[in-house]
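No lab work stands behind these numbers, since they all come straight from the coordinates. Just so we're clear, the structure is a prediction, and the values are computed from it rather than from any experiment. When we count neighbours, we look across all protein chains shown, and the Cβ atoms used for this are built from the backbone with ideal geometry, even at glycine.
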Amino acid sequence: IPVDPFDLVIFGATGDLARRKILPGLFRRFCSGQMPEDARIIGAARSDMDTEGFRRMVAEATREFGGGRHCEDGTLEQFLERIDYEAVDAMGEGGWEALKTHLRPGTVRAFYFSVGPALFGALAERLRHFGLADDESRVVVEKPFGHDLDSAKALNATLRQHFHEDQIYRIDHYLGKETVQNLMAVRFGNMLFEPLWNAQYVDHIQITVAETVDVGGRGGYYDKSGAMRDMVQNHLMQLLCLIAMEPPARFEPDSVRDEKLKVIRALDPVDYHHIVRGQYDADDDQPGYRAHVENPRSTTESFVAMKCHISNWRWAGTPFYLRTGKKLRARASEIAVVFKDAPHSIFGPEAGTHRNVLSIRLQPNEGMTLGVTIKEPGPGGMRLVDVPLDMSFAEALGPEAEEVPDAYERLIMDVIRGNQTLFMRGDEVEAAWAWTDPIIAGWQSRGEVPKPYDPGSAGPDDALMLMHRDGRRWRDIR
Ligand code: BG6
């Protein structure tokens with residue numbers, strides 16, 4: 001279904017995110033017919049480029065980072081006709097009046113800040129000062145949303161000087177992932193799971209976001225952040241919220257975000273014995289973390305594993321184990337809900353213990369597997385075996401699911417529709433920092449150094465021990 005006509009201004013339009021994700025994503029929406037004929041995209045950046053030059057850059061970006069199944073010959077030219085460019089000085093006066101001439105009255109107006117947070121305030125202020133934005137306009141801001149609680153509060157305060165909360169779209173692209181939204185469909189669209197979704201039946205929950213990439217060219221940014229700020233405070237926290245929250249009354253922005261906020265506020269502070277930091281080593285042919293960043297003695301973590309508790313009626317006593325890292329064995333993101341043992345085995349001790357595990361795979365090969373226990377086939381008596389009830393979303397849903405929109409595509413269309421459900425509210429971001437800050441401060445005050453781990457492994461041994469001590473084990477990263 002096409003969205004309403006819009007004018008989308010992308011600040012930082014020549015940057016990496018715009019080239020890799022935003023512009024190719026908009027092209028795919030155009031090909032699929034969702035972007036209306038009279039939508040306009042206006043690139044804005046410092047570079048003194050003209051519209052032709054920008055269109056060439058967009059054409060290259062779409063070729064490199066993907067058209068889609070519906071992108072037929074000739075559509076790229078039609079898409080490019082909808083694109084303009086203005087050189088704008090974010091901190092000065094230059095270019096703003098010219099940018100304004102591109103905007104049409106009565107059209108949905110969105111401004112995407114694909115720039116560092118240091119520029120958010122200047123952009124917001126100028127949008128108002130030069131009369132480009134009004135009370136109906138929307139602004140989209142990228143992560144990192146601050147560095148800690150104080151900086152996040154300051155950013156919120158600056159943005160709110162110029163825009164209302166319902167005009168601010170804070171992106172966490174994990175919320176735009178198909179399977180992440182499926183989490184809510186699985187929980188709240190089925191009768192089967194929700195009655196068991198609590199401490200009485202769930203032994204523990206594991207959330208893993210494992211990556212094979214290193215920090216490569218992003219060392220400058222990453223070394224100041226580390227896995228805790230880069231992944232846990234936002235992406236893993238959002239997954240935790242969706243898996244743990246109470247059923248919202250409606251699938252509407254504030255209903256959902258109120259419930260997520262309650263989860264973050266119910267998180268206990270993490271005991272430092274329950275958290276492991278790691279940093280990948282060099283191996284024979286590849287440099288280690290410290291060669292990717294400027295500081296050869298960096299103690300920034302590229303891996304974190306931790307055990308958390310949510311102190312509320314539903315989850316008291318059920319641990320949530322989170323882990324994420326770079327340079328691990330496989331790119332595999334999964335949420336696993338591990339149910340408790342049956343209260344009594346009628347098959348006797350020789351049948352062993354078996355547990356149901358619901359695994360939700362976020363990427364790659366999005367899908368769900370429910371491990372169930374059955375009788376081992378054959379005449380050998382009542383021996384039990386675990387088998388997977390496996391569902392790959394792509395296979396189950398057929399061709400319709402072949403081209404799942406990328407997270408960014410979906411989120412940008414939601415901005416145009418004015419739907420904030422999959423965006424973070426200011427208080428959520430602040431609550432997440434309020435939980436994260438003491439963990440990082442603890443590392444600093446104890447002078448803690450991350451444990452080295454081998455590239456291609458599952459992280460440091462201490463992370464395995466974190467679960468072994470509790471008589472549990474991580475699921476394989478495959
Ligand atoms: C980004 C982080 O937000 O998410 C990156 O800054 C990380 O460090 C990326 O690699 C992971 O996203 P995805 O969609 O590839 O899982």
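Summary of values
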{"quantity": "Using θ = phi - 60° and Karplus 6.51 cos²θ - 1.76 cosθ + 1.60, couplings along the stretch 465-478 (whole Hz; Gly, Pro as x)", "calculated": "4, 3, 8, 3, 4, 8, x, 10, 9, 5, 6, 5, 8, 10"}
{"quantity": "Separation of the LEU389 and GLN363 label points, Cα + 7 Å toward Cβ, nm", "calculated": "2.9 nm"}
{"quantity": "25 °C / 0.890 mPa s Stokes-Einstein diffusion coefficient of the stretch 342-464, Kirkwood radius on C-alpha pairs, µm²/s", "calculated": "120 µm²/s"}
{"quantity": "Contour minus Cα-Cα distance for ASN295 and ASP48 (0.36 nm per residue)", "calculated": "85.5 nm"}
{"quantity": "Hull volume in cubic angstrom per residue (convex hull over the Cα atoms of the stretch 25-142)", "calculated": "114 Å³"}
{"quantity": "The chain: projected area of the alpha-carbon convex hull, averaged over directions, in nm²", "calculated": "25.5 nm²"}
{"quantity": "Loop GluC sites (Glu not before Pro), the stretch 22-60, which have at most 16 other Cβ atoms in a 10 Å radius of their Cβ (DSSP)", "calculated": "GLU37"}
{"quantity": "Reachable lysines, given that their alpha-carbon falls under 21 Å from the alpha-carbon of LYS262 and they are not under 8 places away in the same chain", "calculated": "LYS153, LYS307"}
{"quantity": "Percent antiparallel among DSSP beta bridges (both partners in the chain, rounded to 5)", "calculated": "55 percent"}
{"quantity": "In the stretch 110-148, the GluC sites (Glu not before Pro) that fall in loop regions by DSSP, at most 14 other Cβ within 10 Å", "calculated": "GLU136"}
{"quantity": "Charge tally in the Cβ shell below 10 Å around MET382, where Lys, Arg are +1 and Asp, Glu are -1, MET382 excluded", "calculated": "0"}
{"quantity": "Å³ per residue enclosed by the Cα convex hull of the stretch 253-314", "calculated": "165 Å³"}
{"quantity": "Largest-first principal axis extents, alpha carbons of the stretch 326-390, Å", "calculated": "44, 26, 20"}
{"quantity": "Of the trypsin sites (Lys or Arg not before Pro) in the stretch 33-140, those whose Cβ has at most 12 other Cβ within 10 Å and which sit in DSSP loop", "calculated": "ARG69"}
{"quantity": "Members of LYS143/LYS224; LYS21/LYS100; LYS143/LYS326 lying beyond 20 Å, as alpha-carbon distances in this model show", "calculated": "LYS21/LYS100"}
{"quantity": "For LYS143, distant residues with modelled amide H under 5 Å away", "calculated": "ILE171"}
{"quantity": "Exposure proxy ranking, count of Cβ atoms within 10 Å, fewest first, for PHE120, PHE303", "calculated": "PHE120, PHE303"}
{"quantity": "Computed Kirkwood radius, in angstrom, where 1/r is averaged over Cα pairs of the stretch 130-216", "calculated": "17.1 Å"}
{"quantity": "Reciprocal of mean inverse Cα separation for the stretch 171-280 (Kirkwood radius, Å)", "calculated": "16.1 Å"}
{"quantity": "Sequence of SER225, SER114 once ranked by neighbouring C-beta atoms within 10 Å, starting from the fewest", "calculated": "SER225, SER114"}
{"quantity": "Contact order normalised by residue count of the stretch 170-253, Cα under 8 Å, 6+ apart, percent", "calculated": "43 percent"}
{"quantity": "Derived scalar couplings ³J(HN,Hα) [the stretch 27-36; Karplus, 6.51 cos²θ - 1.76 cosθ + 1.60; whole Hz; x for Gly, Pro]", "calculated": "4, 5, 5, 5, 4, 7, x, 7, 8, x"}
{"quantity": "In order through the stretch 135-152: 3J(HN,Hα) via Karplus (6.51 cos²θ - 1.76 cosθ + 1.60), integer Hz, x for Gly, Pro", "calculated": "6, 9, 5, 10, 10, 10, 10, 8, 7, x, 8, x, 10, 6, 4, 4, 5, 5"}
{"quantity": "Eligible aspartates and glutamates near LYS327 by straight Cα distance, threshold 16 Å, same-chain separation 8 or greater", "calculated": "GLU211, ASP214, ASP223, ASP230, ASP281, ASP283, ASP284, ASP285, GLU301, ASP454, ASP461, ASP476"}
